[in-house]
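Step one of this worksheet: look at the structure below.
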Amino acid sequence: MSDIRLQISVKEESMNLFKRSIRKLLESTFILQSKDEKLYQFVSRESNRQDISEYLRMIGFDVIVDEKTGVCMLIASEEDAETVGLKRANVVTFTTLQYHLLLVLWKVYLENLGYNEGNFVTKGDLIDKIKSYGLPLVRTELNAAFRLFKKYSLINFNEDEEGEDMKIELYPSLQFGWDIPQFQMVVKEYLKETPEDEEVQRDEDFAAQVNPEDFEEEEG
């Protein structure tokens, strides 16, 4: 790899937004237009994006902006994607249950598109959907998954609210929250089961419907 020279020019009045954007990306991977309008607008501006990209490349990352969904996302830089010894710091290894929940959340997100300005589901409705796929529910594990998804800006909810009426906002960043090798491993677990089991067969059908490589949002 050739030497990297850091050549960025950030105006004094923009320095605070520059720092906040970098820290937000490193902390939670995503900056969402619907959640952090000011930061999103800053990062999505071409000149700022180039400066942020230049800065992140020094530590093996980069930033991309998906204007269709209003998502800025931290990714591994192409130069360092295959570099041995560099930890993929923004890749979270979900448990199998968390991956199943992520699949359900994405399916609900797609079903809700176009009906309201935001994309919401109550905790009670989500639990019913989860049960319909035969997933085991343990309250502590479910709440831990929700907190993890919130940390990485995949969903949002008020932690002071409780009960089945609690509203959960689903973000478009759900479609980018996949580690493909782990997703394939989870799907293989479905396929190992006996097809005569109707419940498991329904899970297989569901997994086939949500191949993350083919995700496209429906037009609202």
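Segment Leu26..Glu79, full-extension length gain: 17.3 nm, with 0.36 nm per residue of separation and the alpha-carbon distance subtracted. Distant-in-sequence amide contacts of Asn119, defined by a placed amide H-H separation under 5 Å and a gap of 5 or more residues or a different chain, comprise Leu170. Per-peptide packing, taken as the mean over residues of other Cβ atoms within 10 Å, places 28-36, 146-154 in the sequence 28-36, 146-154 from highest down.
Since every read-out is calculated from the coordinates, none of them should be taken as a lab result. Just so you know, these numbers come straight off a predicted model, no measurement behind them. So basically every Cβ, Gly included, is an ideal-geometry build from the backbone, and we count neighbours across all protein chains shown.
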